[in-house]
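Chemist: Below you will find the structure I want to go over with you.
The values are calculated or read from the model by the stated rules, or taken from the named source; none is laboratory data. Bear in mind the structure is a predicted one, so any value in this text is a computation, not a measurement. Neighbour counts are summed over all protein chains in view; Cβ atoms, including those assigned to glycine, are modelled from backbone coordinates with ideal geometry. Areas reflect the complete protein model, heavy atoms only, side chains present, ligands, DNA and RNA absent. Shrake-Rupley method; radii C 1.70, N 1.55, O 1.52, S 1.80 Å.
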Amino acid sequence: MKITTRISLGYLLLFLLLAVLVAYQVVTIGRMQAINRALSGVGSQNALVSLQALRDLDLVEEYARKSLALADPDYLGPLGEYRDDFERDLAELRGQAGSAGERGEIVRLAAGWNAFTRQLDARLARPAPGAPFPDSLQADMELLKAEARSVYQASLGAMRDQVEQSRAMGETAALVLWVSTLAVLVIGALVSFLIYRSISRPLAHLTEGTRAIAEGKFFYRLDTSRDDEFSQLARDFNTMTRRLDELDRLKKEFVSHVSHELKSPLASILETVQVLVEEIPGPVNERQRRLLELCRQSGVRLMAMIGDLLDMSRIEAGVIEYRLEPRELAPLLERAAAEIEVQARERRIDIVLSRPPEGLEAECDGDRLIQVVVNLLANAIRFAPEASTVRVELEAVDEPPPGVPDALRRGLRGERYALVSVADSGPGIPAADREKVFEKFHQAKKGGKTAGEGVGLGLAISRTLVEAHRGAVWVEDNPGGGALFRVLLPALAGRPA
């Protein structure tokens, strides 16, 4: 199922639940409003009419007594009016009765009223002045008053029932609201969690893949078994990585092939120049000798560049070999300084070597370690001022120094280390570029131009070779000004120098 479909269905379910909850609340509130209107209108009106009916019965009784006792026609008029008033009250009670209890009491009240009026009319038709009020009429009147009070109590009871119903509906609505809100929250959290999980995992894999591609691991592939947009993205990502892998392989093959093909003719050119410098074909003048020497130096630099390209090609292809064996480090540093001595002499730079009094050994490939130190010395000579000093120091340490970057510190294993430091007094390397200088084809800049010659592979090759020895190489500020390159290698037990 697509991610967008999951999100749409999940939130559609939430919206439906909210819509049902809102509809229920609207209906409940409408019913409660109707009950309140009944309470404020019909219920209270019935109670008032019941009280008015009681008052009218009292007046009917009063004028009936006077009419029967005095046989005075003047009392018949008010008696008729109060009888009409009571009948209007009775009709109003019939029309507004809401409960079955009220209707039953009103029916009994109406029946009692009919019986009372028939007996009263019969007595009024045969007046007997001075006669007492008949007991039968008195009994009927008491019964009517009792029925009127019953109607009043029934009205109050109906009002209480409606109040209780309203309260019960309010409590039910509150309970439904809380339960529905909790259900919506739980479902919302569940939907959000499922959506988050369906998105976070592919994003984490995609992030890991892009990081791997950024590190040059073009063999990395993403899982394409899902059936959503991320699966299509993973397929496109894998297609991109395959294409990048092909292009990278073609680039490496091209660089390796061209470098190898250039090495043989360049070696022939250098041999020819050397033969001319040695005047084997014939004498040359001083100007010609100087030009030939410049040509030879340029050829040597070009040969070094080609060597770096071939080394990097072998490293990337994984075919470079190491002969690891216990080696004394001080002689290796001396050999590296001797190899770079001509280049240092051209710029009148002295190379000063310091080493510990006891011997310091490490399991290493001597030739590769010399290559690393030569690269560091060449870099220091290139940036150091003329007529300055480049210092090379070898020392034993019990733990990695504080300047080791965290990313390199995690790969170190050992209890004793050999630390090689190469310090110059040049312009130094900004903190933002201290990791970039170990990247392929990155060259430090000086005054807007590339400082020195090269293709920017020396330090990248050095880091690869050092890491193959389970060590670390990094750069930091030289306390005396300039850059301080350091190489840390696991050391073996030493012996006296």
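Chemist: Considering every residue within the stretch 94-102, establish whether at least one is assigned to a helix (DSSP H, G or I), free of Cβ contacts under 8 Å to residues at least 12 places away in the same chain and open to solvent by less than 50 Å² (accessible area, probe 1.4 Å).
Modeler: no
Chemist: For the stretch 181-215, name all the residues that are within 19 Å of A234 (Cβ to Cβ) and of a type in the set (V, I, T).
Modeler: Of everything in the stretch 181-215, those that are within 19 Å of A234 (Cβ to Cβ) and of a type in the set (V, I, T) turn out to be I195, I199, T207, T210, I213.
Chemist: Restricting attention to the stretch 209-230, which residues are charged (D, E, K, R), over 17 Å from D248 (Cα atoms) and assigned to a loop (DSSP other than H, G, I, E, B)?
Modeler: Passing the criteria: D223, R226, D227, D228.
Chemist: Could you say whether any residue in the stretch 3-25 is among the β-branched types (V, I, T), under 60 Å from the mean Cα position of the chain (by Cα) and modelled with pLDDT of 75 or more?
Modeler: Taking every residue of the stretch 3-25 in turn, at least one turns out to be among the β-branched types (V, I, T), under 60 Å from the mean Cα position of the chain (by Cα) and modelled with pLDDT of 75 or more.
Chemist: Would you call D72 within 19 Å of L109 (Cβ to Cβ) and either more than 60 Å from the chain's Cα centre (by Cα) or open to solvent by 40 Å² or more (accessible area, probe 1.4 Å) (or both)?
Modeler: Spelling it out, it is not the case that D72 is within 19 Å of L109 (Cβ to Cβ) and either more than 60 Å from the chain's Cα centre (by Cα) or open to solvent by 40 Å² or more (accessible area, probe 1.4 Å) (or both).
Chemist: Would you confirm, using the coordinates I've provided, whether L206 is out of contact with any Phe, Trp or Tyr (no Cβ under 8 Å at 6 or more places or on another chain), part of a helix (DSSP H, G or I) and hydrophobic (A, V, I, L, M, F, W, C)?
Modeler: no
Chemist: Can you name the condition, by its number, that A378 falls short on among (1) loosely packed, with under 15 Cβ neighbours inside 10 Å; (2) over 19 Å from L489 (Cβ atoms); (3) touching a Gly at 6+ places or on another chain (Cβ under 9 Å)?
Modeler: All conditions are met except number (1).
Chemist: Any residue at all in the stretch 351-362 that's loosely packed, with under 15 Cβ neighbours inside 10 Å and modelled with pLDDT under 90?
Modeler: Yes.
Chemist: Answer yes if at least one residue in the stretch 113-121 is part of a helix (DSSP H, G or I), touching a residue at least 24 places away in the same chain (Cβ under 8 Å) and either of a type in the set (G, A, S) or loosely packed, with under 14 Cβ neighbours inside 10 Å (or both), and no otherwise.
Modeler: Taking every residue of the stretch 113-121 in turn, at least one turns out to be part of a helix (DSSP H, G or I), touching a residue at least 24 places away in the same chain (Cβ under 8 Å) and either of a type in the set (G, A, S) or loosely packed, with under 14 Cβ neighbours inside 10 Å (or both).
Chemist: Hey, could you check the stretch 401-434 for residues that are open to solvent by less than 30 Å² (accessible area, probe 1.4 Å) and farther than 30 Å from S388 by Cα and say which is modelled with the highest pLDDT?
Modeler: If we take residues in the stretch 401-434 being open to solvent by less than 30 Å² (accessible area, probe 1.4 Å) and farther than 30 Å from S388 by Cα, then L408 is modelled with the highest pLDDT.
Chemist: From the list L302, L310, exactly one residue is surrounded by 12 or more Cβ atoms within 10 Å (Cβ to Cβ), within 23 Å of R368 (Cα to Cα) and at pLDDT below 75. Which is it?
Modeler: L310
Chemist: In the stretch 190-213, what residues are among the small types (G, A, S) and at pLDDT 80 or above?
Modeler: A204, G209, A212 - these are the residues of the stretch 190-213 that are among the small types (G, A, S) and at pLDDT 80 or above.
Chemist: Which residues, taken from the stretch 326-345, are surrounded by 11 or more Cβ atoms within 10 Å (Cβ to Cβ) and free of Cβ contacts under 8 Å to residues at least 40 places away in the same chain?
Modeler: Once the filter is applied, which keeps residues that are surrounded by 11 or more Cβ atoms within 10 Å (Cβ to Cβ) and free of Cβ contacts under 8 Å to residues at least 40 places away in the same chain, the stretch 326-345 yields E328, P331, E334, R335, A338, E339, E341, Q343, R345.
Chemist: A further question on this structure: So, of the residues in the stretch 381-396 that are under 16 Å from L332 (Cα atoms) and without any contact (Cβ under 8 Å) to a residue 60 or more places away in the chain, which turns out to be most open to solvent (accessible area, probe 1.4 Å)?
Modeler: Here the residue is R391.
Chemist: Considering each residue of the stretch 267-287, count those that are surrounded by 13 or more Cβ atoms within 10 Å (Cβ to Cβ) and in a helix (DSSP H, G or I), and give that number.
Modeler: Counting residues in the stretch 267-287 that are surrounded by 13 or more Cβ atoms within 10 Å (Cβ to Cβ) and in a helix (DSSP H, G or I) gives 8.
Chemist: Read through the list (1) on the phi > 0 side of the Ramachandran plot; (2) free of Cβ contacts under 8 Å to residues at least 12 places away in the same chain, then give the number of the only condition that D72 fails.
Modeler: Failing condition for D72: (1).
Chemist: Considering only residues that are open to solvent by 50 Å² or more (accessible area, probe 1.4 Å) and β-branched (V, I, T), look in the stretch 159-192 and name the one that is nearest to A100 (Cα to Cα).
Modeler: Applying the filter and picking the extreme gives V163.
Chemist: Same structure, new question: Among the residues of the stretch 193-205, write down those that are open to solvent by less than 90 Å² (accessible area, probe 1.4 Å) and either among the aliphatic types (A, V, I, L, M) or free of Cβ contacts under 8 Å to residues at least 24 places away in the same chain (or both).
Modeler: Across the stretch 193-205, the qualifying residues are L194, I195, I199, S200, L203, A204.
Chemist: Any idea which of (1) open to solvent by less than 50 Å² (accessible area, probe 1.4 Å); (2) closer than 30 Å to A64 by Cβ is the one E142 doesn't satisfy?
Modeler: Of everything listed in (1) open to solvent by less than 50 Å² (accessible area, probe 1.4 Å); (2) closer than 30 Å to A64 by Cβ, E142 misses just condition (1).
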